[in-house]
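Below is one structure, written out as C-alpha cells; comments come after it.
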Amino acid sequence: MNEEKRKEDLRKKSGVVTIEKRRFPRFNVDLPLKYSEVKVRKKQGGIAHDASEGGLLVYLQEKFPIGTRLKMEVFFSHGFRLTPIRAQAEIVWADIRGPEDWGEYKYGLKFINIGKEDFSKLKWLLDSLTA
C-alpha cells in the first residue's frame, strides 16, 4: 500500500510542462479582416484574434482544409485612418467553433507572402502593443 501512496504522491507533484515552439511572440489584437482563397475574387469578412510576425489566429465563416492559401487584408487604425496589412497566408491548423460573434471556424495561419511595406506595418502594430 505504501508503494501505491508514493506513486500517487509522485503523480500529484509531477505536472505538464509546456514548451513554447513559436518563433515569434503572439499578441492579442481582435482586428477586422477581409479574405478570399488565392484564386477567388469574392472577399469575406473575419476577425484576427492574435498576431505575430509569422502568422495569425483568425475566426472565419467558411470551412477550409489545412493547406488552403488565403489572400487577406487585416485592418488596424493608424492615426485617423484604417490601414490594411495585405498578405497571403496558409492554413496550418483548424478548429471548429469559435466564439459565436467571431465566426464558425478557428484557424492558425502562417504568412507565406507579405511585402516589405506590409511587414513594416505589421511590425509597427506589434511593437505598439508592447509599449
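Read the figures in this text as sums done on the coordinates, not as results from a lab. Since this is a predicted model, take the numbers as computed values, not measurements. Note that each Cβ is placed from the backbone with ideal geometry, even for glycine, and that neighbours are counted across all protein chains shown.
List of remarks:
- Length released on extending from Glu62 to Phe80, taking residue separation times 0.36 nm less the Cα-Cα span: 3.3 nm
- Charging the Cβ of each Asp and Glu at -1 and of each Lys and Arg at +1, and nothing else, the dipole of segment 26-130 about its Cα centre rounds to 460 debye.
- In plain terms, the chain from Arg69 to Thr130 could stretch by 19.0 nm, reckoned as 0.36 nm per residue minus the Cα-Cα distance.
- Take the Cβ atoms of Ile112 and Val40, set R0 to 22 Å, and the FRET efficiency comes out at 0.85.
- By average C-beta atoms within 10 angstrom, highest first, the peptides 30-40, 104-114: 104-114, 30-40
- Efficiency of FRET from Cβ geometry, Ser120 and Ala94, R₀ 25 Å, rounded to 0.05: 0.30
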